[in-house]
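The values are calculated or read from the model by the stated rules, or taken from the named source; none is laboratory data. Remember, it's a predicted structure, so these values are computed and weren't measured experimentally. Cβ coordinates were reconstructed from backbone atoms using ideal geometry, including for glycine residues, and neighbour counts include every protein chain displayed.
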C-alpha cells in the first residue's frame, strides 16, 4: 500500500538538497555583496596620517612646523588603579575627569582603546612617561599639531581644522574622511594639496570585539604615507614680525612686494592673532572667541578690505593721460576750486606740480578730457564710450578684479563701468558731471590694499608687474609655482612716461610726507586719504625704494589715523629701511609709530 | 565457510563510509572555527575544541564497536527500559544538572556531561519501532494514531519543561517515519497548508492580499471538482478557517515571548535588526556568502575564526565550511547528507521486519530534520533554532547520540536475515 511513499521521501530529500544548494549558490556565487560585508567586518582600515608640509620664509626660517602631541589612551578592560588620588596627581587631572573619561571609554568598548587625556605636550609627556608602566591598560599615541615659532602672519598662513560636511561632499575623489584635518584658510587652504601629503593605509584584521588579529594578507594592500611637500614663502619673517609690531594697537594693513618678482615680502593684517591659538584642542573655543571679536582679527584685510584709492589714483590718471596723449609733462590746468575742493598751492600747475601738490581740480579737468573725446555728439553717449575705454586702461593696472594671489577669498574691488551707472541713473541719464569723482580716486571706486601695493610695484617697474604671490618655491623648486606668478603683465603705458611720475613721487615725499624720508635711501611715494564716512579718515601711503633700483614696493593703510602723511607714511618708511638696510636708524620715528593708537 | 557468510560483509560499508567522511570533514572544520593564527595550536591540541572533538570521535568509535559486537536483540529488548531511563534523566536534569547560558540541559560528573534530551531521541525511536512491530497497529485508525502520538509527546512535554524548545521540535521529525508507515496523507496536506498559510500570513504585511488569495484558491478548487452543495460548503468552511487562522496567527505571534517573535520576524526581514536578533543570521550569511565558489581556503576564513558568527563550532559549523570551502564544499557535504539519507531509506526498505524498518525510518527522520533545519537556518531560510548538524557540530552528546542512533540501525541491518522470520 505504501510503495510510493519511500519514493516520495527520496524526492523530498533530493528537493531539500537542491533548494539548499540553490540558495547557497545565490548567496555565495551570484551575490558578491557578502564578500564586501565580510571584509567590512573583519578588515579594519587604519589610516597612517602623513606629516603636513612645512612652510619656510624667504630666508629659510621656519614659519610653520609640526609639533608632536601625545594622547594618553586607555583600554578599560586592562586598566586598574589602586590609588586614584595619586593617579590624578601624577597625570594632573581631576577625579571627575578620570571617572568621566573612564565611563565613556567603557561605554565605547572595554577592549578597544579610547582617549583618557588628549593632546599632552612634549614637556607634560616627559613628566608622566616614567609612571606609565605602573598602570596597565594605558598607552600613548603620537600625533602632531601645527606650530609657529614666531606668532606672526596668522592671516596669511591660515589654519587647519576638521573638514566640513560640505567639503567632504565636494571631495569627489573621496580622499578625505570624516574627521580629517584640512587647510581651511590662508596658505594652508590654498596649498592643501601640496601640504597634505599622501595618506598611508594599513589593513588589519580584527575579530568581532575589535581586537587586532594581525595584518590582512601579510600587508599586501598596505601603503606607507608620504609626507607633505614643504613650501618656501616669499614672506620675510623679520620684516613681517617688525611690521606686525609697528601695527600693534592699530587697525590696518601692510603689503610689501618685491617689484621685480611680485613676491610678497610682508602681508600684515592688524589686529592679528597668535596663530598658535588655532591649533590642537583649543581650536574650537579660540576660534569662536576670535570670530566674535569685534575688531575682526580673522578678517584678512590685505586681500579682503576695500577702500577708495583716493589721491594715489591720480598717478594712474596721469599715466593713462600721458599714454593717451591727452596729457604731456607741460599740460597745465588752473587749480579751479569751483570744480572741486583743493588746498593752497600755486596755480596753474603742470603735471609734475599736479602730482606733487595732489591738485584735485587739475585731475577733474584732465579726466574730462580723457572721457569726453567727442566720439558722439550726444554728451551722454560720449561719456559712456569714454568711460568704458578709460576703464579698460584702468583694469590693466590690476584694479577692478582680483590679482589671483595664492590665498582664497581675495576681493576684486571695483572700477565702475557704464553698465553700473546705467543701472543706477538710467541709460542716457548720466554724464561727466555724474562721474567726475573718479578723477581723484573717490566715488564708486574701490581697491584692496594688495592692489595698492601692486600699483606701487607697477610705478617702480615702470609699467609692468608680476601677480603678487606668497609662495616662491614648492619643494624647493621655483618652477612648480603657478605659471601665472611668473608671467609678466604689462599695463599698457610706455616706460618713459614713468620717469616723470617717479620723479614727482620722490619729490612728493618732501612735500606731503616728510617723515617718510630715509637718510641715504631715496624713496618715492604718494600719500592718500581714504575717506571714511564713519569717522576719522584712513591714512594711506604707497611707496617704493630705492628709487633707482626698487627692491620693495609697499602700501600701508592705517584706519582712522587721518591724513596719510602721518601714520601710514612713517610706518612704510620704517619698514623700507628695515628691509633695505636690515636695521632702523630712527628710533624716534619708531617710537612715534608705536605710540600711535588709532582704534 | 563461504565468503558471503562473513559477518563483516553483511555490514553496509557505504553508510559507514559516508558517516566517516562527515565526521572527518566536521572535525577539520571545528579546528578551522577555533583556529587562532597567533596561537597556532595543532589540531590535536586537547586544550582546544578540535582536540576535544577527537576524544569524542575516539569514544564514538568505541561505542560503535560495542554496538557491533552486542547481541542484535539487545536494542529491541532494552527499548522500553532506555525510554524510561532517559525520560527520568530529562525529568531530573533541571534539579541536578549544570547551568550553561541560563539553561540546565546536561547532567554528569566533572567533565563528563551528557544531554539526556539528545539520547532520548534514539530511545524514543526504539520504543516507536517496538510498539509498531505489533501486527495490529494500523495508523489509519485514530486509536493507534493517538497511541503513537503519546509515545512521541511524553518526551516532548518533558523537554519543553526544561525548557529546550529546539530539541523538543525535533520530535516532530517522527512524522516523516509515520508517513512511510501509513499515517493518512490528509494530515500532511493539512500541515503543509497550515505552514504555507503561516508563512504567507507572517510574510505578507497586508493580510487582505492573503485573504484574496485564499478566496481565489478555494474558488478554483470548487470550479475544478464536482459542484455538489456539500463539497462547496465544506471547501468554503476550510477557506474561512484558513482566513481566521491567518488572522489569529498574527495575534498568537504577538503574544509569544519577544525573542521567539524576533526569531520569526527576522526570517522575513533579516535587516530588521542586524546588530540584535538578526545578528546571527546576518553574520552567518555573510560568512557563507563571502566564501564564493571555491572558498577562501582552509584556515583562511575570517568571519568564523574571528567570532563574527556566534556558536561557530556548534550550531553554526556550516558557516566555516561555506566560508573556507565555498559552494563546492557545501555541495560535497549536502550531497553526502542526501546520499546518506537516501541510502538509509534503501536500507530501511530492505528490512524484513517492521521493527527494523520503523527504526530505520526514525533514523532517516531525525537526521533529515537536523540536516535540513540546521543548514536552512544558517542561510536564513528558517528561523534560528539551536540544533546541531549531525556528525559535524562540536560536542560529545550530539556526536554520541547520532552515532548510537545510526549504528543501531546498521547493526539491525546486518542481521536482517536473522530477523526475517518475524516479518509481519
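Take the residues of segment A:197-214 that are more than 14 Å from chain B (Cβ to nearest Cβ) and surrounded by 16 or more Cβ atoms within 10 Å (Cβ to Cβ): which is farthest from residue A:404 (Cα to Cα)?
Among those residues, the one meeting the criterion is A:202.
Need pairs with beta-carbon distance below 8 Å; first residue within 14 Å of another protein chain (Cβ to nearest Cβ) and within segment B:38-55, second modelled with pLDDT under 85 and surrounded by 15 or more Cβ atoms within 10 Å (Cβ to Cβ); sequence gap 6+ or separate chains.
B:38/A:213
Tell me which helices (runs of 4 or more DSSP H) are completely within segment A:21-140 and hold 1 or more residues being within 14 Å of another protein chain (Cβ to nearest Cβ) and either surrounded by fewer than 16 Cβ atoms within 10 Å (Cβ to Cβ) or in contact with a strand residue (DSSP E or B) (Cβ under 8 Å, 6 or more places away or on another chain) (or both), or say none if there are none.
Working: elements: A:33-42, A:84-91, A:95-108, A:122-128.
Output list reads A:33-42.
For (1) under 20 Å from the mean Cα position of the chain (by Cα); (2) assigned to a strand (DSSP E or B); (3) surrounded by fewer than 12 Cβ atoms within 10 Å (Cβ to Cβ), each residue gets a yes or a no:
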position: B:31; (1), (2), (3): no, no, no
position: B:75; (1), (2), (3): no, no, no
position: B:80; (1), (2), (3): no, no, no
position: B:83; (1), (2), (3): yes, no, no
position: B:90; (1), (2), (3): yes, no, no
position: B:106; (1), (2), (3): yes, yes, no
position: B:117; (1), (2), (3): yes, no, no
position: B:126; (1), (2), (3): yes, no, no
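Considering every residue within segment B:377-384, establish whether at least one is at pLDDT below 90, within 14 Å of chain A (Cβ to nearest Cβ) and under 24 Å from residue B:152 (Cα atoms).
yes
Tell me whether segment B:9-16 contains one or more residues that are farther than 30 Å from residue B:329 by Cα and in the same structural domain as residue B:334 (by TED's automatic domain parsing). Please lay out each step first, then the result.
Initially, segment B:9-16 is screened for residues farther than 30 Å from residue B:329 by Cα, giving B:9-10.
Filter once more, keeping what is in the same structural domain as residue B:334 (by TED's automatic domain parsing): B:9-10.
Taking every residue of segment B:9-16 in turn, at least one turns out to be farther than 30 Å from residue B:329 by Cα and in the same structural domain as residue B:334 (by TED's automatic domain parsing).
Quickly run through segment B:183-201 and pick out the residues that are crowded, with 19+ Cβ neighbours inside 10 Å and either within 14 Å of another protein chain (Cβ to nearest Cβ) or closer than 17 Å to residue B:348 by Cα (or both).
Listed by number, the list holds a single entry, B:183.
Do you know which residues across segment A:154-186 are outside any loop (DSSP other than H, G, I, E, B) and either more than 23 Å from the chain's Cα centre (by Cα) or farther than 19 Å from residue A:290 by Cα (or both)?
The answer is A:165, A:166, A:167, A:168, A:169, A:170, A:181, A:182.
Which residue out of B:349, B:323 is within 7 Å of chain A (Cβ to nearest Cβ) and modelled with pLDDT of 90 or more?
When all the criteria are applied, what remains is B:349.
Can you go through A:250, A:217, A:260 and tell me which one is in contact (Cβ under 8 Å) with a residue 60 or more places away in the chain and surrounded by fewer than 18 Cβ atoms within 10 Å (Cβ to Cβ)?
A:260
Just need a number here: residues in segment A:2-20 that are facing chain B (nearest Cβ under 7 Å) and either assigned to a loop (DSSP other than H, G, I, E, B) or touching a residue at least 40 places away in the same chain (Cβ under 8 Å) (or both).
1
Report yes if residue B:342 is surrounded by fewer than 24 Cβ atoms within 10 Å (Cβ to Cβ), free of Cβ contacts under 8 Å to residues at least 40 places away in the same chain and either away from chain A (no Cβ under 13 Å) or under 19 Å from the mean Cα position of the chain (by Cα) (or both), otherwise no.
yes
Name the helices (runs of 4 or more DSSP H) wholly within segment B:134-184 that hold at least 1 residues that are closer than 21 Å to residue B:76 by Cα?
Hits in segment B:134-184: B:142-161, B:174-180.
Hey, among the residues in segment B:166-182 that are touching a residue at least 60 places away in the same chain (Cβ under 8 Å) and more than 14 Å from chain A (Cβ to nearest Cβ), which one's farthest from residue B:121 (Cα to Cα)?
Per the criteria, the residue is B:166.
Considering each of A:169, A:194 in turn, give the residue that is over 30 Å from residue B:37 (Cα atoms), touching a residue at least 40 places away in the same chain (Cβ under 8 Å) and surrounded by fewer than 22 Cβ atoms within 10 Å (Cβ to Cβ).
A:194
Say whether the condition of being more than 21 Å from residue B:415 (Cα to Cα), touching a residue at least 40 places away in the same chain (Cβ under 8 Å) and touching a strand residue (DSSP E or B) at 6+ places or on another chain (Cβ under 9 Å) is met by at least one residue in segment B:16-34.
no
Only one of B:371, B:409, B:337, B:318 is in contact with a helix residue (DSSP H, G or I) (Cβ under 9 Å, 6 or more places away or on another chain), buried (at least 24 other Cβ atoms within 10 Å of the Cβ) and away from chain A (no Cβ under 13 Å); which?
B:409
Scan segment B:70-124 for residues that are at pLDDT 90 or above and in contact with a strand residue (DSSP E or B) (Cβ under 8 Å, 6 or more places away or on another chain) and jot them down.
B:89
Somewhere in segment A:326-345, is a residue in contact with a strand residue (DSSP E or B) (Cβ under 7 Å, 6 or more places away or on another chain), in a loop (DSSP other than H, G, I, E, B) and closer than 26 Å to residue A:543 by Cβ?
Yes, the conditions are met somewhere in segment A:326-345.
Taking the options B:258, B:312, B:283, B:303, name whichever one is in contact with a helix residue (DSSP H, G or I) (Cβ under 9 Å, 6 or more places away or on another chain) and either more than 11 Å from every other protein chain (Cβ to nearest Cβ) or in contact (Cβ under 8 Å) with a residue 40 or more places away in the chain (or both). Even if it seems obvious, please write down each step before you answer.
Values: B:258 fails: in contact with a helix residue (DSSP H, G or I) (Cβ under 9 Å, 6 or more places away or on another chain); B:283 fails: either more than 11 Å from every other protein chain (Cβ to nearest Cβ) or in contact (Cβ under 8 Å) with a residue 40 or more places away in the chain (or both); B:303 fails: either more than 11 Å from every other protein chain (Cβ to nearest Cβ) or in contact (Cβ under 8 Å) with a residue 40 or more places away in the chain (or both).
Testing whether each residue is in contact with a helix residue (DSSP H, G or I) (Cβ under 9 Å, 6 or more places away or on another chain) and either more than 11 Å from every other protein chain (Cβ to nearest Cβ) or in contact (Cβ under 8 Å) with a residue 40 or more places away in the chain (or both) leaves just B:312.
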